[in-house]
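One structure, as structure tokens, below. Some questions next.
The values are calculated or read from the model by the stated rules, or taken from the named source; none is laboratory data. All figures in this text were calculated on a predicted structure; none of them were measured in a lab. All Cβ positions, even for glycine, are placed from backbone atoms using ideal geometry, and neighbour counts span all protein chains on display. Note: areas computed on protein heavy atoms with side chains; ligands, DNA, RNA excluded. Shrake-Rupley method; radii C 1.70, N 1.55, O 1.52, S 1.80 Å.
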Protein chains: 2
Amino acid sequence: MTDDLAVAWAYLARVVEPPCPALTELVAQVGPVEAADRVRRGQAGEDINRSAEARRQLDCAARDLEVLDRLGGRLITAHDDEWPLLAFTGFGGVPERLRSQAHAPMVLWAVGPAALDEIAYRAAALVGTRAATAYGEFVTADLATGLVEREVAVVSGGAYGIDGAAHRAALAAEGTTVAVLAGGVDVPYPAGHTALLRRIAESGLVISEYPPGTRPARHRFLTRNRLVAALAGATVVVEAGARSGAANTAAWARALGRPVCAVPGPVTSAASVGCHVLLRDGARIVTRADEVVECVGRIGELASEEQHPASPLDELSEAEKRVYDALPRRGARTPDEIAVASGLPARHVLGPLANLELQGLVTSRDGRWKLALR
Amino acid sequence: MTDDLAVAWAYLARVVEPPCPALTELVAQVGPVEAADRVRRGQAGEDINRSAEARRQLDCAARDLEVLDRLGGRLITAHDDEWPLLAFTGFGGVPERLRSQAHAPMVLWAVGPAALDEIAYRAAALVGTRAATAYGEFVTADLATGLVEREVAVVSGGAYGIDGAAHRAALAAEGTTVAVLAGGVDVPYPAGHTALLRRIAESGLVISEYPPGTRPARHRFLTRNRLVAALAGATVVVEAGARSGAANTAAWARALGRPVCAVPGPVTSAASVGCHVLLRDGARIVTRADEVVECVGRIGELASEEQHPASPLDELSEAEKRVYDALPRRGARTPDEIAVASGLPARHVLGPLANLELQGLVTSRDGRWKLALR
């Protein structure tokens, strides 16, 4: 990216509060340099002029780029190979209440060695309440580790609780994890996650729609959530209270046509109430990483069957089961007695008895039958 | 019921292993006395003759009726007003593997003052693993109590674990509960539930398809399960392992077109694995009694909205919640009684009680604690 181009993108990224589809459209038509020029001169059309009014004289582009450079970061735009185009194409049919935010981002500020398009190709979002329980954190870590083992990237929001547990476990398993922030990439939030976010940026990716220095604000969390959902093949809510931002991320996933998964928990736990509401509303229940991979993954990957302990009794015929059950725990019975106890005709008792004996389940002596010691 | 009639029914109830639709059909055509006579003479048609072969010379009818009489019980048949006809009409379209058992019972042996048709009009089955956890037993008790408060009868199988917790809580709340046994009504099973079954028979109902003296056997549990599902408007599996009889009861409920509900639990709990499998396969998630009532109840009853924010109970610690929940709606309890009810060690009860008192949620007098009026 040339300096001019970078400055133009950086200017455009700050001059409006994202997302601003009109500006994205203008850039697509005339390119970023010309678009920046028009916005600066107040000649970008009524909508954009109004959206940019408060900030169009503010020119921090060079400074923003310096900050990004100092962090070793880069801008990612729709003009880059790294742009995960497919991730952002599902915003067409979202419900009314999400409509104003339902647009692809124009510019992403990114720090970290991972390639965004590669991540988005195969990723799951693990999200949930900041007030996670030990159970929630454990399950999150378990899922994140399993996802990494299956080469699925872990996307989350960098917050305390479930988000943090997801990032930490993915890092511990040496997998790829992405934190999507609601403020600038140079504004670690929450402050207690400064070191965690730094570690994510060292091996994965920290990204944001917002220019350096931007403080997270309530509406930005909601706008940010759409990117978490959009970058992931499926969104998993691990724990969420009755009112939780995770439900918003789930709503974005659903609006984008991506699977929404929820982890069940004790009905006595306030931190699982939101998950149970999601499950009631049609979210998929997931209890282990395999089931998440099944939602995320490319075609052909199905969760392995839960392993059932097998009992030799399972394979018995109906008559054999009835004969088997008719034998007392201790002591032996004649076939006639077995017929009475089982309700089977006497002549239909000997065949099953012989089969049961072959399978080592019963033994006979002097015309009397008993259960084999097992 | 005349003596002749009763003897005929009792004979027919034992002469074949239920269910035997051919015999039920014969009785419907010629009446029980004539049907019994034909069976005894080996002139009841090939199918019935074969099914009755082992036991047709066995005449314990008078003795069986004496046993029933001594227990203060009665026979209930399709000829009685008390027969819950609608409960047993759904066996038409069940899947192949259940087909051989998919028939209405012919005779039920019953002990208890409750009327079976009234129970079946508005009942829920609460079932689950014998290896229940404290969590499962707590949730079962909570659901059973809530169902009783909404005048829903609690049907279960009398087993250890979830079944027992369901019966006990329904009794404690002075509601109606029904135990459907897989053996004779005079054979308390499990033996450890002898007293519990006696209490159920005092206020609710203990019923069985099997004549007195019959020992429960594996295939009888499966056959019994269809009656549990059939007598209930909805079946709720509270806890179930990967292999659990509760899944069989749920399969019956589904086959009968009744809602199958499952309670979620920790994904780390083996006792909830079966519930999560059911949820994955389309069972309805339930977390409180209201949601069960919604499935069971007559049209027009919908669960009240989840109460979101402002209960002082939301802020309680886990132990405080358990202690609080262990107090009855009316009346007071000693700390020892609360320990038992909550499942907490007695020494861990006083601290939470003191905190609850500080918060004005409970009051104490003379060493007994009760809920504060709110």
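Using label points projected 7 Å from each Cα along Cα→Cβ, tell me how many nm separate A:Tyr160 and B:Lys370, to one decimal.
For A:Tyr160 paired with B:Lys370, the spin-label model returns 4.1 nm.
Still on this model: Kindly state, to the nearest 0.05, the FRET efficiency for A:Glu315 paired with B:Gln57, given R0 = 45 Å and r defined as their beta-carbon distance.
0.85
Roughly how many Å² of A:Thr145 are accessible to a 1.4 Å probe, to the nearest 10?
Here the accessible area works out near 50 Å².
Moving to a separate point now. Over the whole of A:313-325, what's the average partner chain Cβ count within 10 Å per residue? Rounded to a whole number, please.
That average works out to 2.
Between the chain alone and the structure with every protein chain in place, find the residues of segment B:42-57 that drop at least 30 Å² of accessible area; heavy atoms, 1.4 Å probe.
B:Arg50, B:Glu53, B:Ala54, B:Arg55
Quick one: work out Rg over Rh on the C-alpha atoms of segment B:1-60, Rh as Kirkwood radius.
Rg/Rh for segment B:1-60 comes to 0.91.
Counting only protein heavy atoms, probe 1.4 Å: which residues of segment B:8-37 lose 30 Å² or more of accessible surface in the full assembly compared with their chain by itself?
By number: B:Glu17.
Roughly what % antiparallel, to the nearest 5, for the DSSP beta bridges in the protein assembly as shown?
In the protein assembly as shown, approximately 40 percent of DSSP beta bridges are antiparallel ones.
How far, in degrees from 0 to 90, does helix A:3-15 lean away from the longest principal axis of the Cα atoms of chain A, to the nearest 10?
Tilt relative to chain A: about 70 degrees.
For every other residue with a beta carbon closer than 11 angstrom to the beta carbon of A:Gly112, add +1 if it is Lys or Arg and -1 if Asp or Glu, then tell me the sum.
Result for the local shell: +2.
As a test of reading the structure, rank A:Asp142, B:Asp3 by solvent-accessible area (1.4 Å probe, protein chains only), most first.
Putting A:Asp142, B:Asp3 in descending order of accessible area: B:Asp3, A:Asp142.
Another question, if that's okay. Buried accessible area between A and B (1.4 Å probe, both chains summed, ligands and nucleic acids excluded), in Å² to the nearest 100?
3100
So what is the calculated 222 nm ellipticity per residue for the protein assembly as shown, using -39500 (n - 2.57) for each DSSP H run with n of 4 or more, over all residues, to the nearest 500 deg cm²/dmol?
-12500 deg cm²/dmol
Between copies, how far apart are the B:Arg63 label points? List them in nm, one decimal, shortest first, with each point 7 Å from Cα toward Cβ, please?
Spelled out, the distances from B:Arg63's label point are 10.0 nm.
Separation between the A:Glu357 and B:Asp3 pseudo-spin-labels, each 7 Å from Cα along Cα→Cβ, expressed in nm?
4.7
What are the distances, in nm and sorted shortest first, from the label point of B:Ala28 to the label points of the same position in each other copy, with each label point placed 7 Å from Cα along the Cα-to-Cβ direction?
6.7
Would you list B:Trp9, A:Trp369 from the most to the least accessible area, probe 1.4 Å?
Accessible-area ranking of B:Trp9, A:Trp369, largest first: A:Trp369, B:Trp9.
Using a 1.4 Å probe on protein heavy atoms, which residues of segment B:245-269 have at least 50 Å² less accessible area in the complex than alone?
Residues losing area: B:Val267.
Just to make sure I understand: if all protein chains stay in place, what is the order of A:Asp163, B:Asp59 by accessible area at 1.4 Å, largest first?
Of A:Asp163, B:Asp59, the descending order of accessible area is B:Asp59, A:Asp163.
Could you give, in nm with one decimal, how far A:Ala346 is from each other copy of that position, shortest first, with labels 7 Å out from Cα toward Cβ?
6.1
Ok, one more. Lysines near B:Lys370 by alpha-carbon distance under 23 Å, same-chain residues fewer than 8 away left out - which ones?
Filter leaves B:Lys321.
On to the next question. If ligands, DNA and RNA are left out, what is the accessible area of A:Phe138 with a 1.4 Å probe, given in Å² to the nearest 10?
120
Given the Cα-Cα distance of B:Asp80 and B:Asp47 and 0.36 nm per residue of separation, how much length would full extension add, in nm?
9.2 nm
Roughly how many percent of the accessible protein surface of segment A:1-59 is carbon and sulfur, given a 1.4 Å probe and a whole-percent answer?
46
Let me ask another. Using a probe radius of 1.4 Å on heavy atoms only, what accessible surface per residue do you get for segment A:94-239? Whole Å² is fine.
For segment A:94-239, the solvent-accessible area averages 34 Å² per residue.
Taking the convex hull of the Cα atoms, report for the protein assembly as shown its projected area averaged over all directions, in nm².
For the protein assembly as shown, averaging the hull's shadow over all directions gives 39.4 nm².
Nearest 10 degrees, 0 to 90: what angle lies between the long axis of helix A:218-231 and the longest principal axis of chain A (Cα atoms)?
60
Just to confirm a number: summing +1 for Lys and Arg and -1 for Asp and Glu over residues other than B:Gly136 whose beta-carbon lies under 14 angstrom from that of B:Gly136, what do you get?
The answer is -2.
Let me ask something additional. Just read off the accessible area of A:Asp81 with the full protein assembly in place, 1.4 Å probe, to the nearest 10 Å².
Rounded to the nearest 10, that gives 150 Å².
Find the centroid of the Cα atoms in segment B:1-50 and in segment B:109-185, then give the distance between the two in whole Å.
If we compute the Cα centre of each part, the gap is 32 Å.
Could you compute the net charge surrounding A:Leu26? Neighbours are other residues with a C-beta less than 15 Å from the C-beta of A:Leu26; K and R count +1, D and E count -1.
Charge balance in the 15 Å sphere: 0.
A further question on this structure: What number comes out for accessible area per residue over segment A:1-74 if the probe is 1.4 Å? Units Å², please.
Ligands and nucleic acids excluded, the figure is 55 Å² per residue.
Would you mind telling me the share, in percent, of accessible area of segment A:160-236 contributed by carbon and sulfur at probe 1.4 angstrom?
Heavy-atom surface of segment A:160-236 belonging to carbon and sulfur, 1.4 Å probe: 52 percent.
Now for a different question. Just the accessible area per residue of segment B:312-371, please: how many Å² with a 1.4 Å probe?
Using a 1.4 Å probe on heavy atoms only, each residue of segment B:312-371 averages 61 Å².
Placing +1 on the Cβ of each Lys and Arg and -1 on the Cβ of each Asp and Glu in the protein assembly as shown, which of B:Thr249, B:Leu71, A:Ala28 has its Cα farthest towards the positive end of the resulting dipole?
B:Leu71
Now a separate question. Roughly what would the spin-label model give for B:Arg243 and A:Ala28, points 7 Å off Cα along C-beta, in nm?
Computed distance between label sites B:Arg243 and A:Ala28 equals 5.8 nm.
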